[in-house]
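Beneath this line is the structure, given in structure tokens, with notes to follow.
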Amino acid sequence: MKNIYGITLSQLENYFEKNNYKKFKATQVFEWLYKKRVSSFDEMTNMKKTTIEELKNEFVFENIKIVDKKAGQDVIKYLFELKDKNLVEAVLMKHDYGNSLCVSTQVGCNMGCAFCESGRLKKIRNLETYEMVLQILKVEMDLNIRISHIVLMGIGEPFDNYDNVMNFIDIINSGKGIDIGARHITISTCGIIPKIKEFMENGKQINLAISLHAPDDEIRNKIMNINKAYPINDLIDVLKEYIKKTNRRVTFEYVMLKNINDTEQCAITLAKLIKNMNAYVNLIPYNETRHIAFNRSDNETILKFYDILKKNKINVTIRKEFGNKVNAACGQLRANHERRDK
Ligand code: SAH
């Protein structure tokens, strides 16, 4: 049976129409779920008993469980246990502009980026749409807050779980659903070109972030497997097409790895690569993890890199650090939890 939290409004409308109901019933169900936040069909008091029975025969309310929670300043990290006992994480960040939740899209990840904890834990499966929706609902309920921004930067590669992720966005973006504005939703990808092309046709005003992390093929091949399939110049070309077509800005994430991608020459090459693009670079101080032998660049190196980009007229920011005190970098809470269990 399908989980009710994994159904988009139009899928639910189709269901009702197919069963000879008016399609506005779907809106009513959505409002019960996402505005009034009930957790059973029995609580939907404007539905007939027979309708409720039919819904129960078609859909289930399945939950995910909070099994660990770590709080730091302005950040709370959640570990969820799924129905099949797999674990995923979400991280809540409190900004001055609102609450942002970093959501996981897969159990593990197959992209194999050398510096990333999630990739060490190979992909076990894709998350179902409802498992992404529930990450938001559970955190909102736990803290009694509203989440205003969503970033798909947790465990997993969103474009390797494209259909479920798009349904998830449909549900959270719907005015009848959780109602998070498209401009408040950011998808981050390591650069799967065919999916970027598909996404380009989607028409929604969702933000696109690209994990670039290197200025050329030589360095990128060493740290990101995906670059062997989709080389950096092809990636930049498709992003130029994306910017032209959508009129949207692209964000480049660039994690600062000591002596790997942080030299002055790297900054100069990067500036040339993305010159005149409607894009900005987010420099991310690397969150060191016990299992992986990469180090964070020194602060002076990061600042120098920043200055070179600025001088070359590239929009650039240095990411505010949230997670390191609570191991909030991708996959870290899960990795630590699993070790503790052994
Ligand atoms: N698979 C997607 C989204 C998940 S990762 C992607 O590649 O974009 C979210 C971001 O965190 C990526 O830019 C990733 O490269 C980065 N990241 C991974 N491990 C990190 C670490 N230890 N410290 C800082 N950033 C990290």
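What the table below lists for this structure:
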{"item": "Breaking point among (1) within 11 Å of the ligand (Cβ to nearest atom); (2) modelled with pLDDT of 95 or more; (3) not aromatic (Phe, Trp, Tyr), for Ile136", "result": "(1)"}
{"item": "Failed item in (1) on the phi > 0 side of the Ramachandran plot; (2) touching a residue at least 24 places away in the same chain (Cβ under 8 Å), with Asn276 passing the rest", "result": "(2)"}
{"item": "Complete set of residues in segment 198-224 that are within 18 Å of the chain's Cα centre (by Cα), under 17 Å from Lys245 (Cβ atoms) and not polar (S, T, N, Q)", "result": "Glu198, Phe199, Met200, Lys204, Ile206, Leu208, Ile210"}
{"item": "Subset of segment 107-120 [open to solvent by 30 Å² or more (accessible area, probe 1.4 Å) and either aliphatic (A, V, I, L, M) or not in a loop (DSSP other than H, G, I, E, B) (or both)]", "result": "Ala114, Arg120"}
{"item": "Some residue of segment 179-196 being surrounded by 23 or more Cβ atoms within 10 Å (Cβ to Cβ) and more than 16 Å from the ligand (Cβ to nearest atom)", "result": "no"}
{"item": "Among (1) in a helix (DSSP H, G or I); (2) of a type outside the set (Lys, Arg); (3) modelled with pLDDT of 95 or more - the single one Met277 does not satisfy", "result": "(1)"}
{"item": "Pairs where the first residue, in segment 140-160, is within 22 Å of Lys65 (Cβ to Cβ) and in contact (Cβ under 8 Å) with a residue 12 or more places away in the chain and the second is more than 15 Å from the ligand (Cβ to nearest atom) and of a type in the set (Val, Ile, Thr), C-beta under 6 Å, 6+ apart", "result": "Ile147/Ile136; Ile150/Ile180"}
{"item": "Of all residues making up segment 67-98, the number that are surrounded by fewer than 19 Cβ atoms within 10 Å (Cβ to Cβ) and closer than 23 Å to Asn207 by Cβ", "result": "6"}
{"item": "Close pairs from segment 252-263: first aliphatic (A, V, I, L, M), partner within 9 Å of the ligand (Cβ to nearest atom) and part of a strand (DSSP E or B), Cβ under 7 Å, at least 6 apart", "result": "Val255/Ile284; Met256/Ile284; Met256/Pro285; Met256/Arg296"}
{"item": "Options Lys48, Lys36; residue that is open to solvent by 50 Å² or more (accessible area, probe 1.4 Å), within 30 Å of Lys94 (Cβ to Cβ) and of a type in the set (Lys, Arg)", "result": "Lys36"}
{"item": "Residues that are open to solvent by less than 20 Å² (accessible area, probe 1.4 Å) and more than 8 Å from the ligand (Cβ to nearest atom), drawn from segment 141-158", "result": "Ile147, Ile150"}
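Listed here are the residues, each with its yes/no results for (1) more than 16 Å from the ligand (Cβ to nearest atom); (2) open to solvent by less than 70 Å² (accessible area, probe 1.4 Å).
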position	(1), (2)
Thr263	yes, yes
Leu270	no, yes
Ser297	no, yes
Glu300	yes, no
Ile318	no, yes
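The values are calculated or read from the model by the stated rules, or taken from the named source; none is laboratory data. None of these values were measured; they are calculated from a predicted model. Don't worry about glycine lacking a Cβ; one is built from the backbone with ideal geometry, like all the others, and counts go over all protein chains shown. Please note that ligands, DNA and RNA were not included when accessible areas were found on the heavy atoms of the full protein model with its side chains. Shrake-Rupley method; radii C 1.70, N 1.55, O 1.52, S 1.80 Å.
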